[in-house]
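Coordinate-derived values only; no laboratory data. Bear in mind the structure is a predicted one, so any value in this text is a computation, not a measurement. Here the Cβ positions follow ideal geometry from the backbone for every residue, glycine too, while neighbour counts run over all protein chains shown.
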Amino acid sequence: MVQKYVEKILFNRWVAFFHDLLWVPVAIVTAYWFRFDFHEIPGYYLDGFCHVIWLALPVYGVSFFTFGLYRGIWRFASIPDL
C-alpha cells in the first residue's frame, strides 16, 4: 500500500517536471513572437533562437530540481489554488 503511494507521488512529480519543462520553449517562442510583433521570426534570429532553447532546457531542468520545486508542492494546495 505504501509502495503504491510512493510510486504515485514520484510519477506525479515527474509528470509535473516534464509539464513545466514543456512550457520553457513555449515561453521562448512567445517571447520571440512578441519581439517581432507576431510576425514570422527573421532567419537571422533563428540560429540564436535554437541555441537559446537548447541552453534553456537543461538550465531550467537542473534549477527546478536544485531549488526543490517538486518537494511537497501540492501538500498545501487547496481548491481555490487549483
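Points worth noting:
- Distance between modelled label sites at PHE34 and THR66, nm, 7 Å Cα→Cβ extension: 2.4 nm
- The radius of gyration of the Cα set in the range 2-66, together with its Dmax, comes out at 16.3, 55 angstrom.
- Residue-wise HN-Hα coupling along the range 42-59, computed from phi with Karplus coefficients 6.51, -1.76, 1.60 (Hz; x: Gly, Pro): x, x, 4, 8, 5, 5, x, 4, 5, 5, 4, 5, 5, 7, 5, 4, x, 5
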